[in-house]
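Taken together, the values in this text are just the output of simple stated rules run on the coordinates, not laboratory data. Keep in mind that this is a model prediction, so the values were computed, not measured. We place every Cβ from the backbone using ideal geometry, glycine too, and count neighbours over all the protein chains shown.
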Amino acid sequence: MKTLQKQKLTAVLTVFFISILVSFTSEAQTELKIPDNRNFIVSTGTYLKIPGNITIGNGTSGTFKTNGTNITVTGQLNLNAGSQLNLTSGTFTIGSTNINASSTVIYDGNNQNINNWAYGNLILNGTGSMTVTGDTASPTITRNLTVNNTGNILKIPENRALTVLDTLTNNAGTNEISIESSSLGDGSLISYTENVDATVNRYLTGYRWHYISSPIDSAPLTLFNTNNFMWWDASMDWAGTGDFNPWKAWNTNLENARGYAYYYYDTTIPYEGKINVGDYNITLRMYTSGTLDYQGWNLIGNPYTSVLDWDAAVSGGAVPVGAENAIYFFDDETGDGAQSNYRYYVPSTGGTYGVGTEDANGKIPMGQGFFVKTNTDNVVLSLNKTYRTHAVQTFYKTPSDEYIKLQIAGDKHDETIVRIIDNSTNGFDPDFDARKLFPFDETIPQIYIIGTDYKKTAINSLPVILPNTVIKLGVKASEGEYDIKIKDLNFFKYDVFLVDKQENTYTDLSEDISYKFNYSGGQNENRFFLTFRLPASDIITNLSESIKIYPNPTNRYIKFINNSNVLFESVKINSTDGKICYLNNHPESINEIDLSKLSNGVYFLEIKLSDGNSYRNKIILKK
């Protein structure tokens, strides 16, 4: 019997020796194979390079075990069904992986990095920190994960991500799964197993209000300074800016998917408990009388340990009939509390594209609270675990996305967006628009769009923009000097002009970049407009020598010289707000127009010619 055991040991050692010898001396050897029921153990302090693939198991149970080893596999790691890879310490560098879902990778040792692979069964047996290396764009993925041993911490650092597709088992304790958070970012975990204990850290910058939400079940209120911890009671009456009646003190454990407002110094909240992985239904409330624009605002939150994708939620039917698709974030950038601003996002839905002011992009961070609005009381918004994601993407425009983002700026700034969306209207659209919310302090200048129904919007969708389309802008600000400019543009059919009726100016924002003006303070919804004209490259330039108007500027008449050898088919003059001030469809021998009945300002002349061309010019009337 002893002789037989000795023969088996000799066979194992021989395989070990030959494999290493071939790896270092023969480039013809391109694969290390560890058959079923065979163990390959590398001793401490070894450097091993395999110039090709490594295959563990021939379909079942081969084993490869490292021990303080630096191993480089230039090819692919093939971990077959039932096989096992033990990583004790050292490094394991490979070109690619092919890991069967029923195989097992075990990490032993102390303070190891978990390779960014797609695992079958992943077991952590070591001590110290077992640190996830996959990031939000390329997360570490495993079907099953088991964390063993007290003192063995599964650590998901800032901007790192882990997905557990089947079962997550924590045998080590609440503090032994740790999701990190700091000013650099957040760790991210997507799991589908209920009742798993972990510590989820939520970093909060100091001395400013945050809208927050708990990523664990029934988080204790004792985590917070309760003097500055509030919830929003949407069933109460709200009269708009300056009315804080719906804000109430909260006095019990936090509820899942509810948002809260919290003010404190620079801190990290250690949520310790069972992580939220389920589906959550939130009843949206509203006060059923008063001004509809002010009622039905509900502060909810992302209940998960990863990003909540609002585009996926809306496309998946999360928002009930009677509620609106837009979401609203509180942006206490300066730490002034009620003196801070809002950010807005309207999601992609029904074939549209999503847009947001500032950096709002629909990817709601872990532990983030936000507002949604309902126009019907007692409807249910449903958050599903399938809406989770790791990626925190910025908005990417495509050629088919047509929008204009405007910014007003003084010492602080604000943004508004107009975009083109099929099936939208010129009024307010609950699916496509975001309402305007005003901060308490008027030192933050505000700019917004006024629809044909007089609704104030931060994001407004229109079915089409044509020459002479007029978009009415509202401004609210304290006295001072400001400028309006295009912050982002993906609309090139027409040039974009800003009209200031008070100063009788007409500014091509695409050329002048910004328009500077003095403002006397307050709210004004009749001073500024956007209007549109064909780019100069689309206007027949050779007509400028053949057709002339004079004088310009004028105090009453404009006269024409037509040397183009074609007839005028029509002559039209529009005001800056799109109204037709003069129209002649039978001009033939026209040579002058009397403008004495018009007010001082800027007007637009368009002459259509019999050969199909058009002549356009700007007229300035100064009496």
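Couplings 3J(HN,Hα) for the range 412-422, derived from phi with the Karplus relation 6.51 cos²θ - 1.76 cosθ + 1.60 (θ = phi - 60°), are 10, 8, 8, 10, 9, 10, 10, 9, 9, 9, 4 Hz, where x marks Gly and Pro. Relative to the Cα centre, the charge distribution of the chain, modelled as +1 at Lys and Arg Cβ and -1 at Asp and Glu Cβ, gives a dipole magnitude of about 1180 debye. When the Cα positions of 250, 291, 114 are compared along the charge dipole of the chain, 114 comes out farthest toward the positive end, with charges on each C-beta of Lys, Arg, Asp and Glu.
Partners of residue 33 within straight-line reach, counting lysines whose Cα lies under 26 Å from its Cα and excluding those fewer than 8 residues away in the same chain: 6, 8, 49, 65.
Residue-wise HN-Hα couplings along the range 592-597, as the Karplus relation 6.51 cos²θ - 1.76 cosθ + 1.60 with θ = phi - 60° gives them from phi, are 7, 9, 8, 9, 5, 7 Hz; Gly and Pro carry x. Taking Rg and Dmax of the Cα atoms in Å straight from the coordinates, which label in (1) 33.1, 121; (2) 27.8, 87; (3) 24.9, 86 is the correct one? The value computed from this structure is option (1). Between amide H atoms placed 1.01 Å from N, distances below 5 Å from residue 435 occur with 458, all of them 5 or more places distant or on a separate chain. Remark: relative contact order (the chain) = 7 percent; criterion is Cα-Cα distance under 8 angstrom and separation of 6 or more residues. The long axis of helix 2-25 is offset from the longest Cα principal axis of the chain by roughly 40 degrees. Cα centroids of the range 564-592 and the range 137-165: 71 Å apart. Cα centroid separation, the range 484-516 to the range 270-315: 38 Å.
The label point for residue 563 and the one for residue 443, both projected 7 Å from the Cα toward the Cβ, are 6.1 nm apart. Across the range 442-540, Cα pairs under 8 Å and at least six residues apart give a relative contact order of 34 percent. Within straight-line reach of residue 548, meaning a Cα separation under 27 Å, sit the following lysines at least 8 residues removed in sequence or on another chain: 493, 501, 559, 572, 579, 597, 608, 618, 622, 623. Spin-label pair residue 111-residue 556: with each label point 7 Å from Cα along the Cα-Cβ axis, the two points sit 9.1 nm from one another.
Taking amide H as placed 1.01 Å from N in the peptide plane, the amide H of residue 269 sits under 5 Å from that of 202, 203, 204, each at least 5 places away or on another chain. Across the range 163-168, rounded Karplus estimates of 3J(HN,Hα) from the backbone phi angles (6.51 cos²θ - 1.76 cosθ + 1.60, θ = phi - 60°) give 10, 10, 6, 10, 10, 10 Hz, Gly and Pro being marked x. A simple packing score, the average count of other Cβ atoms within 10 Å per residue, orders the peptides 467-474, 247-254 as 467-474, 247-254, with the highest score first.
Return the lysines within reach of residue 455: Cα separation strictly under 18 angstrom, same-chain partners fewer than 8 residues apart disregarded; answer none if there are no such residues. Cross-link targets: 373, 436, 472, 476.
Each of 54, 277, 497 was scored by the projection of its Cα onto the charge dipole of the chain, and the greatest displacement toward the positive side belongs to 54; charges sit on the C-beta of Lys, Arg, Asp and Glu. Normalising the average separation of contacting C-alpha pairs (under 8 angstrom, six or more residues apart) by the number of residues puts the relative contact order of the range 395-434 at 30 percent. The calculated 222 nm mean residue ellipticity attributable to helices in the chain amounts to -2000 deg cm²/dmol, summing -39500 (n - 2.57) over DSSP H runs of n ≥ 4 and dividing by all residues.
Dipole check for the range 256-356: with +1 at the C-beta of Lys and Arg, -1 at the C-beta of Asp and Glu, and the Cα centre as origin, the magnitude is about 360 Debye.
So between residue 81 and residue 192, what do we pick up on full extension, going 0.36 nm a residue minus the alpha carbon distance? Before the final figure, lay out the partial values.
Numbers: separation 111, 0.36 × 111 = 39.96 nm, distance 2.34 nm.
Full extension from residue 81 to residue 192 adds 37.6 nm.
Proximity of backbone amide H atoms, modeled 1.01 Å from N, is registered between residue 355 and 346 at under 5 Å, excluding neighbours fewer than 5 places apart on the same chain. When peptides 92-102, 112-122, 515-525, 301-311 are sorted by average Cβ neighbour count within 10 Å, with the highest value leading, the order is 301-311, 112-122, 92-102, 515-525.
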